[in-house]
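Following: one structure in structure tokens, then a few remarks.
The values are calculated or read from the model by the stated rules, or taken from the named source; none is laboratory data. Since the structure is predicted, the reported quantities are computational estimates derived from the model, not experimental observations. Don't worry about glycine lacking a Cβ; one is built from the backbone with ideal geometry, like all the others, and counts go over all protein chains shown. Keep in mind that these areas ignore ligands, DNA and RNA; they rest on the heavy atoms of the full protein, side chains included. Shrake-Rupley method; radii C 1.70, N 1.55, O 1.52, S 1.80 Å.
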Amino acid sequence: MSSVKIELRKDQVDKIRQIAKTFKNDPGELINVLHKCQGEFGYLPAEVQEVVADELKMSVAKVYGVVTFYSFFSMIPTGRYPISICTGTACYVRGAEKVLAEFKKQLNIEVGTSSPDGKFSLSCLRCVGACGLAPVVLVGDKTFGRVSPDGVKDILKEFEEM
Amino acid sequence: MDLVKLNIDGKNIEVPKGITIHKAAKSIGIDIPVLCYMELKDLNIENKPGGCRICVVEVEGRRNLAPSCSTNVEEGMVIKTSSLRAMNARRTVLELILSDHPKDCLICAKSGNCDLQDMAIRLGVRKIPGQEFAEMSTYRLDTSPSIIRDMDKCILCRRCETMCNDFQTVGALSAVNRGFQAVIAPAFEMNLEHSSCTYCGQCVAVCPTGALTEVDHTPDVISTLNDPTKTVIVQTAPAVRAALGEEFGLAPGTLVTGKMVNALRRLGFNYVFDTDFAADLTIMEEGTEMLNRLTKFLNGDKDVKLPILTSCCPAWVNFFEHQFPEMQDIPSTARSPQQMFGSIAKTYFADKIGVKREDLVVVSIMPCLAKKYECQREEFSVDGNPDVDFSISTRELAHFIKEANINFMELENEDFDKPMGESSGAAVIFGTTGGVIEAATRTAYEIYTKKELPKIDFEELRGLDGIREATIDIDGFDLKIGIAHGLGNARKLLEDIKAGKSHYHAIEIMACPGGCIGGGGQPLHHGDSKILKARAKAIYKEDANKPIRKSHENPYILELYKEFLGEPMSEKAHHLLHTHYFDKSKKKFQI
């Protein structure tokens, strides 16, 4: 998984320590600690994982293992408008791949990355339970159904900075 | 002990409660195949992720097949280990694993010594249905100074992870990602070289396939041996002679010192020397350092750093540089025997035979993979020319001997060359846990008390327990000694020192189980401690048979000091035989 390199400020390190402390620095609480940290930072850069590992007295490799196992955790900062394209079976057979390709083309970014201005990020998910509307695209908490490659432009337009 | 009654393959048996189906079957001679499962009984290590599913069996009344390595027996169970359903499932599992595994067995480093290959042979797999449609997972090849990670060949058995985390507490490896991308890797999937890896090689020692292998410098050694402008000398570590024979079918614990020397001469080395010579030198330096610190301590110096820790084991050095950098001033500054040898060879010996440093090539035969990294450390080179040029493992030497058409078994015994081939019994026991500190004690006792040792053997320092301790009476002073092998055990002793709870004066640490005899470069022992015990016994036997058994009585060592070094810990000795350590904990992750 690729990541962004950042420097943590002292107050940010303290914040992680404080979170770890609320879970009594118990390695068994790793997932909860990571969850809170992601709430704080929006994502889990390598530097945050290092501090978490230090606080819970476990190896960074193990922490990274957990971060990469759960799709909920991300090492990439999400955009202000995270775009998720459903590539579950129903959406897939109704052309989700082409919709995804169009998003990639329009935004000029890959899945799992965000646009340089931090506005959009792109990810795939499997089935949101709205197969009747396939192919489905989520932008933030807004749902778009029966999306065609031609419709991608219109969707992006809706999020032009107000 | 509570017993349970069950039936396996038609046999009624009674076995202790709480054991697995696999073990119960084994107790009546039924060998259910396992792949990811590993038990290193005497090291208290068991790897049973139940992940590969090769060991599945049919349990009457259960809907699903049960993995026998991780399912406990229950009262009244009726188990079929070779029903059609179980056998079909086993075969399908293996076919699926093979479908995502490279088929380059002919040229794989593990060929002939691969658990996956053995399983394919055992189950008689002749084709992999659907291979032409199978997706193969591929990863970047990661080459470090000692170890190569080729994760295309990883079957996710997680044995390496168990050794790295549970036994060594190094924490360099973990399972990361999920599904098809799942792989065993260092944090952030960076290279091993940038992780906290100590290169102990225990992961390589347990890897069932060619996913983890050592960096092999044999080709470099072969080309230097064929370069007429070079004088090539070789040194052999003590543990090698106690295990090399196993590669030629000899029983574990067969000493092959004489044959090994003969073989090395036939391979074309100009001088066949012994790392043990440098081990004696290590004792002179490290023993003197220990006595200096102890004398200061006994004279009431409060700042003296005690306990003193040994520094011969390169994986251990890497370990404390990564994990306990604040304690850098506690270990002895003495270089390891491998490096002392190289340093003296390229100065004293090169001068003696009138060969220029750059024309002298030093090769080491080591039971160890961390030695490959150690000899590449910048501080052990002069103007870019390393003190030790190449380090090859016991296993690699065995391959080399076979490749060179040498009939090892028929070789006559030969002796090491002089002067750097002469050694004492104290040096030989460096190869096993407890040996370095016993060797140091023999010398320290006699130098400190100026009396002869009443008994040379210190039985109280020997054995295979992970952490041992002994008190040695040195003329009324109780010298408290601690010994640990395995880095997890070393960590416990270090945590005590850190917390100010340690009462030891001196501690010996070796990274591998049993010490160097169980090193990452040795013939694979598969966790069988009988093999380790046999090797240790061989080492102590060689010690007992030596005419000289104390380092400070080795005449060639005394001559070296007289002609060249002066005194132990002299300025020259300091320059050539001592080192300093680095803080590697702050090394930034390179993503």
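Looking at the range A:34-69, which of the residues that are facing chain B (nearest Cβ under 8 Å) and among the aromatic types (Phe, Trp, Tyr) is nearest to the chain's Cα centre (by Cα)? Among residues in the range A:34-69 that are facing chain B (nearest Cβ under 8 Å) and among the aromatic types (Phe, Trp, Tyr), the one nearest to the chain's Cα centre (by Cα) is A:Phe69. Within the range B:132-161, residues that are over 12 Å from B:Ile184 (Cβ atoms) sit with their Cβ atoms under 6 Å from residues that are open to solvent by 70 Å² or more (accessible area, probe 1.4 Å) and of a type in the set (Asp, Glu), at 6+ positions apart or across chains, in these pairs: B:Ser144/B:Glu193.
Give the residue, chosen from B:Ile28, B:Ile97, B:Ile107, B:Ile32, that is open to solvent by less than 50 Å² (accessible area, probe 1.4 Å) and closer than 20 Å to B:Leu212 by Cβ. Checking each option against the conditions leaves just B:Ile97.
Filtered by the rule that a residue be within 10 Å of chain A (Cβ to nearest Cβ) and assigned to a helix (DSSP H, G or I), the range B:165-195 gives B:Asn165, B:Gly179, B:Gln181, B:Ala187, B:Phe188, B:Glu189. Looking across the range B:337-354 at every residue that is surrounded by fewer than 21 Cβ atoms within 10 Å (Cβ to Cβ) and out of contact with any Lys or Arg (no Cβ under 9 Å at 6 or more places or on another chain), the one that is nearest to B:Leu565 (Cα to Cα) is identified as B:Tyr348. Filtered by the rule that a residue be open to solvent by less than 30 Å² (accessible area, probe 1.4 Å) and either modelled with pLDDT under 95 or within 14 Å of another protein chain (Cβ to nearest Cβ) (or both), the range B:126-150 gives B:Ser137, B:Asp142, B:Arg149. Considering each residue of the range B:547-563 in turn, none proves to be open to solvent by 10 Å² or more (accessible area, probe 1.4 Å) and on the phi > 0 side of the Ramachandran plot.
Considering only residues in the range B:279-315 that are in a helix (DSSP H, G or I) and of a type in the set (Gly, Ala, Ser), the one that is surrounded by the most Cβ atoms within 10 Å (Cβ to Cβ) turns out to be B:Ala279. Condition check for B:Gln323 on (1) of a type outside the set (A, V, I, L, M, F, W, C); (2) open to solvent by less than 20 Å² (accessible area, probe 1.4 Å); (3) under 27 Å from B:Gly171 (Cβ atoms): one failure, at (2). With respect to the conditions (1) within 14 Å of chain A (Cβ to nearest Cβ); (2) under 16 Å from the mean Cα position of the chain (by Cα), B:Cys200 falls short on a single one, namely (1). Within the range B:396-424, being surrounded by fewer than 24 Cβ atoms within 10 Å (Cβ to Cβ), assigned to a helix (DSSP H, G or I) and out of contact with any Pro (no Cβ under 8 Å at 6 or more places or on another chain) holds for B:Glu396, B:His399, B:Phe400, B:Ile401, B:Lys402, B:Glu403, B:Phe408, B:Met409, B:Glu410.
Residues are listed down the side, and each one gets a yes or a no for (1) touching a Ser or Thr at 6+ places or on another chain (Cβ under 8 Å); (2) without any contact (Cβ under 8 Å) to a residue 60 or more places away in the chain; (3) within 21 Å of B:Gly518 (Cα to Cα):
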residue	(1), (2), (3)
B:His322	yes, no, no
B:Ser332	yes, yes, no
B:Val355	yes, no, no
B:Ile365	yes, no, yes
B:Cys368	yes, no, yes
B:Asn385	no, yes, no
B:Arg395	no, no, yes
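Residues considered: B:Lys372, B:Lys352, B:Lys346. Of these, the only one that is assigned to a helix (DSSP H, G or I), within 28 Å of B:Pro523 (Cα to Cα), modelled with pLDDT of 95 or more and not assigned by TED's automatic domain parsing to the domain that holds B:Val170 is B:Lys372. A single entry from B:Met119, B:Met87, B:Met136 fulfils the requirement of being over 21 Å from B:Asn12 (Cα atoms), part of a helix (DSSP H, G or I), among the hydrophobic types (A, V, I, L, M, F, W, C) and in the same structural domain as B:Tyr199 (by TED's automatic domain parsing): B:Met119.
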